[in-house]
Amino acid sequence: MTKKKNRCSFCGRADDEVALLVSGINGFICNDCIQQAYTIVQEAQSSPDASMKGKWASMNWKSLPRPADIKAYLDQYVIGQDDAKRYLSVAVYNHYKRLCQTVEDDGVEIEKSNVIMVGPTGTGKTLMARTIAKLLKVPFTIVDATIFTEAGYVGEDVESILSRLLQVADFDVEATQRGIVFIDEIDKIARKTDNPSITRDVSGEGVQQGLLKLLEGSIVNVPPKGGRKHPDQDYVHVDTRNILFICGGAFDGIERKIAQRLNTHVVGYNSVQNVARIDRSDLMKYIVPQDLKSFGLIPEIIGRLPVLTYLNQLDRKALRAILTEPKNSLIRQQEKLFQMDGIKLTFDEDALEYMVDKAVEYKLGARGLRSIVEAIMMTPQFELPSSGDKEFRVTLDYARCQLEKSTLNAMQG
């Protein structure tokens, strides 16, 4: 009677056909299969998908940055806007402190406080939200409110917001449910008019109504690949109670609403003193939820955005600082680009002052400043990488000449 041979449970080879056969509880594995399994594990661990797992930090009370720490981090990337930074730092801290809350018997349940930031274009609304998400290591996505329509109309459903956040979080539902969503251009979905109209406002008030359940917190059926919902489609169930929504918008013309409200309030015995105390050059700091309602946001959505803060128009001093002071300042970015080609780039001080003067003139904030820098540097970026030069200096005359040749100079008209 021949003895039964032990065989590898993976490749099926007998013990006399391999150099080594390791026995387990219910099977065997040969040395070749061990080597191959080790190679597979190494490749899996070094793949991009594997590296993403565990990328998102879990909320821990001890490691959670305090409001002062959050603001200090923002100061490295965003110039000015101290009031907005303080509001945002406290709101974010309280939100993630709420996520770290343990179940107590006292019955106190902390509610979510979403944020709305009002300010002109190019003042740093998006940058602040993105920087905080980077600090906290949570999934973050930016969506544009102008692309949304009511369900059933051409456009995107509001649930696609969560599809994007889910994709950023690599379909990790737990990480998605503690992420941050920045809804830009929230002012563009304001109610167009109080008067009834024959045409339906499918991208205005209807979208606001659709956002209500997301902002407040509910279980939402999310199409994993985005797009419209279909009956046969598999959904991912996402709980939005712990997702922080930060909304931003320019609210162009809201100063008139604020001025009208202030003018109606400063009537009576102390009217002269009250008028004198109002800073007419910066009405934005007097903004209240009532002004958002006058602009066209419905009361229900205003109630779900309890933290209201404003951003000031960037003055000349702030624009000058944006050029050189932040970690990712515009000048440092340009120097880095040229450094990669082995070229040392320098800017004369009066050239920098000229760029700031033009940015103030165009009134486009930090974005306008970037456009000016790009217009001036377009020719050097094209010519220098193949020229062999090792140094380049931007003077006032050169900056003025390049900007006057660019199409950007037409903005002066």
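Could you please find all residues in segment 118-132 being within 11 Å of the chain's Cα centre (by Cα) and closer than 20 Å to Ala190 by Cα?
Within segment 118-132, Lys125, Thr126 meet the criteria.
Is segment 118-125 home to any residue that is in contact with a helix residue (DSSP H, G or I) (Cβ under 8 Å, 6 or more places away or on another chain) and part of a strand (DSSP E or B)?
yes
Would you check if Asp397 is more than 21 Å from Thr121 (Cα to Cα), open to solvent by 30 Å² or more (accessible area, probe 1.4 Å) and assigned to a loop (DSSP other than H, G, I, E, B)? Give the derivation first.
Working: more than 21 Å from Thr121 (Cα to Cα): yes; open to solvent by 30 Å² or more (accessible area, probe 1.4 Å): yes; assigned to a loop (DSSP other than H, G, I, E, B): no.
Criteria not met by Asp397.
Write out, first by first residue and then by second, each pair whose Cβ atoms fall under 9 Å of each other, whose residues are 6+ apart or on separate chains, and whose first residue, in segment 235-260, is among the hydrophobic types (A, V, I, L, M, F, W, C) and open to solvent by 20 Å² or more (accessible area, probe 1.4 Å) while the second is modelled with pLDDT of 90 or more and part of a strand (DSSP E or B).
Ala250/Val118
Select from segment 296-325 the residues that are surrounded by 15 or more Cβ atoms within 10 Å (Cβ to Cβ) and among the small types (Gly, Ala, Ser) and list them in ascending order.
Of everything in segment 296-325, those that are surrounded by 15 or more Cβ atoms within 10 Å (Cβ to Cβ) and among the small types (Gly, Ala, Ser) turn out to be Gly296, Ala318, Ala321.
Report yes if some residue within segment 271-291 is modelled with pLDDT of 90 or more, part of a helix (DSSP H, G or I) and in contact with a strand residue (DSSP E or B) (Cβ under 8 Å, 6 or more places away or on another chain); otherwise report no.
Checked against the condition, which is being modelled with pLDDT of 90 or more, part of a helix (DSSP H, G or I) and in contact with a strand residue (DSSP E or B) (Cβ under 8 Å, 6 or more places away or on another chain), segment 271-291 yields at least one hit.
Report, by residue number, each residue of segment 54-75 that is open to solvent by 70 Å² or more (accessible area, probe 1.4 Å) and either modelled with pLDDT under 90 or over 18 Å from Met128 (Cβ atoms) (or both).
Gly54, Lys55, Ser58, Asn60, Trp61, Lys62, Ser63
Each row is one residue, and each column tells you yes or no for (1) modelled with pLDDT under 85; (2) crowded, with 20+ Cβ neighbours inside 10 Å; (3) in contact with a His (Cβ under 7 Å, 6 or more places away or on another chain); (4) within 29 Å of Phe251 (Cα to Cα).
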| site | (1), (2), (3), (4) |
| --- | --- |
| Gln167 | no, no, no, no |
| Ile183 | no, yes, no, yes |
| Asn195 | yes, no, no, yes |
| Asn221 | yes, no, yes, no |
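Does Leu212 satisfy being out of contact with any strand residue (DSSP E or B) (no Cβ under 9 Å at 6 or more places or on another chain), assigned to a helix (DSSP H, G or I) and modelled with pLDDT of 80 or more?
Here the answer is yes, as Leu212 does meet what is asked.
Does any residue of segment 300-318 turn out to be within 24 Å of Cys401 (Cβ to Cβ), aromatic (Phe, Trp, Tyr) and touching a strand residue (DSSP E or B) at 6+ places or on another chain (Cβ under 8 Å)? Can you show your working first?
First, the residues of segment 300-318 that are within 24 Å of Cys401 (Cβ to Cβ): 316.
Among the residues that remain, those that are also aromatic (Phe, Trp, Tyr) are: none.
No: segment 300-318 contains no residue that is within 24 Å of Cys401 (Cβ to Cβ), aromatic (Phe, Trp, Tyr) and touching a strand residue (DSSP E or B) at 6+ places or on another chain (Cβ under 8 Å).
The values are calculated or read from the model by the stated rules, or taken from the named source; none is laboratory data. These numbers come from a predicted model, not from an experiment. Note: ideal-geometry Cβ built from the backbone for every residue, glycine included; neighbour counts use all protein chains shown. With ligands, DNA and RNA removed, areas are computed over all heavy atoms of the protein, side chains included. Shrake-Rupley method; radii C 1.70, N 1.55, O 1.52, S 1.80 Å.
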